[in-house]
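Scroll down for the structure; my scribbles are underneath it.
The values are calculated or read from the model by the stated rules, or taken from the named source; none is laboratory data. Model, not experiment: these values are computed from the prediction. Backbone-built Cβ (ideal geometry, glycine too); neighbour counts: all protein chains shown.
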Amino acid sequence: MTVTPLRPNIDHWQDRVDLAAAFRWTVRLNMHEAVANHFSLAINDDGTRFLMNPNQMHFSRIRASDLIEVDVNDPDALSGPDAPDPTAWGLHGGIHRHCSHARCVMHVHSIFATVLASLADSRLPPIDQNCATFFNRYVIDEGYGGLAFEDEGERCAALLVDPRKKVMIMGNHGVLVIGDTVADTFNRLFYFERAAETYIRALQTGQPLRVLPDAVAEKTAQELEAYPEQDVRHLAELKAILDAEGSNYAS
């Protein structure tokens, strides 16, 4: 496992390194939206302070030291040179403020998750193991109301009150994933996009779908939730690849 030396002059350094690696790998998977979309990580117990990518900075350039610290209780948070994107403030601030179980929040407009979110029926049936991972573990937002400014963020936060449901399929928008850590959340984001791709490509064949029985899908989801350290090892391997390539993500 890659262990990055801590920097005493910057708080939450290892969390910053993990988050920066997630940004870089999101670009590698072509799941980014250039200088839009945001990842955040709570750094206090009630989630009112969190790390986030700087406003309008491309995911491919983000370093650990670039991440800004946002305080939702700071009346001046939206002013100054390090102010977050207003939509990031609205969406991520609303979720961190109202869902203390959402320690890490990742929102993207990745291709297959967004295609799923654009269907009249945005459910993800358990047609394979990856799809079964999310059986009864997502919510569908049917009420897209435009850019995620503060009111929209508050509305979305209300859909995530059940801590068992850690994916929000944002109708007409994209996907938002929450988790306990960067590794946990990124792993879930990765597999949701893979599951959505499998489902969309299966629909494209025009053939009937082989859908797992509910009992098997639930059993599979529980087994995967209990699978030891997959998320930690996944992120550690991604950081090892970035390190071997000489990436500056951890600077």
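Assorted remarks:
- Boolean, Gly47 is surrounded by 23 or more Cβ atoms within 10 Å (Cβ to Cβ) and in a loop (DSSP other than H, G, I, E, B): yes
- Any hit, the stretch 41-64, residues being of a type in the set (D, E, K, R), touching a Phe, Trp or Tyr at 6+ places or on another chain (Cβ under 7 Å) and more than 20 Å from Arg188 (Cβ to Cβ): yes
- Selected residue (criterion: modelled with the lowest pLDDT) from residues of the stretch 119-152 that are assigned to a loop (DSSP other than H, G, I, E, B), in contact with a strand residue (DSSP E or B) (Cβ under 8 Å, 6 or more places away or on another chain) and among the aromatic types (Phe, Trp, Tyr): Tyr144
- Selection of first residues in the stretch 240-251 that are on the phi < 0 side of the Ramachandran plot and of second residues that are not in a helix (DSSP H, G or I), restricted to Cβ pairs under 7 Å at least 6 apart or on distinct chains, gives the following pairs, ordered by first then second residue: Ala240/Thr2; Leu242/Tyr249; Asp243/Thr2; Asn248/Arg63; Tyr249/Arg63; Ala250/Thr4; Ser251/Arg63.
- Residues (farther than 22 Å from Val17 by Cβ, charged (D, E, K, R) and in a helix (DSSP H, G or I)) located in the stretch 186-215: Glu193, Arg194, Glu197, Arg201, Asp214
- Yes/no for Glu154 being surrounded by 14 or more Cβ atoms within 10 Å (Cβ to Cβ) and under 19 Å from the mean Cα position of the chain (by Cα): yes
- Checklist (1) of a type outside the set (Val, Ile, Thr); (2) touching a His at 6+ places or on another chain (Cβ under 6 Å); (3) in a helix (DSSP H, G or I); (4) at pLDDT 95 or above applied to Ala183, failing item: (2)
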